[in-house]
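See below for the structure under consideration.
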Amino acid sequence: MYAVDSPSLATALVAGPSQAGEWIAFVGVPDLGLEAAAQFGIDLDRTVAVPRPGELWLSVTAGLLDVATIVVVKPPVPVSAQQAERLKSRLRMKDAALVCWGEWPRSDATLTITESSWLGLGYGHGRLTARRVVVSVRQSGPVRHVPLWLPDPDQQVAERDHEVVPLVVAQAV
């Protein structure tokens, strides 16, 4: 079980398994941008979305674990330790994973965006082309800070081991 603080992180986490042919599901995310998810690499033909499960969100999430390898859930209320343990047991039985957009008791890892900046905008013109972030990963042990492109100028999620400069800056050099 993983807890994330943004839709970008949730989508990036499930994009790889989706591209590999796994079924994924989104529960309680009515503002999920399907076009943006597809740009992250989500195969929409193998994606189930239940935007407004209401008070049945826990049952819907558990049920989707029968068909989806990974479920992204945004609970409408704080999750109790008992609810979390029931789902964790189900995850073990189904060999599935859960990504919670929000707080989750005793998650295996918590990922948060601690720094964020965008590339592409000029002085009153342009369009967003890439996003630099630093993701803090809290697991057992010390917190790790991972610089990522979320996404890079080619719309890929990648480690940020090199700097990308806007084309106008590169041409001026």
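Note on the range 72-134: Cα-Cα pairs beyond 14 Å make up 69% of the total pair count. Close amide H partners of A49, meaning residues 5 or more places away or on another chain with modelled amide H under 5 Å apart, are F26. Of all beta bridges that DSSP places with both ends in the chain, some 50 percent have antiparallel geometry. Calculated from the alpha-carbon coordinates, the chain shows an Rg and a Dmax of 17.5, 59 Å respectively. Surface composition of the range 41-137: carbon and sulfur atoms hold 53% of the protein heavy-atom accessible area at a 1.4 Å probe. Using a probe of 1.4 angstrom and keeping all protein chains present, the accessible surface of the range 1-106 works out to 50 square angstrom per residue.
Taking 0.36 nm per residue of sequence separation and removing the Cα-Cα distance, the R106/S136 pair yields an extension gain of 9.1 nm. Stretching the chain fully between S59 and L44 yields a gain of 3.1 nm (0.36 nm per residue, less the alpha carbon separation). Restricting the calculation to alpha carbons of the range 1-92 gives Rg and Dmax of 12.5, 36 angstrom.
Dividing the summed helix terms, -39500 (n - 2.57) for each DSSP H run of n ≥ 4, by the number of residues in the chain produces a 222 nm estimate of -8000 deg cm²/dmol to the nearest 500. At full extension, Q82 and S6 could sit 24.9 nm farther apart than now, given 0.36 nm per residue minus the alpha carbon distance.
The values are calculated or read from the model by the stated rules, or taken from the named source; none is laboratory data. Owing to the predicted nature of the structure, the values given are computational and were not obtained by experimental measurement. We work out accessible area using only protein heavy atoms, side chains counted, and drop any ligands, DNA or RNA first. Shrake-Rupley method; radii C 1.70, N 1.55, O 1.52, S 1.80 Å.
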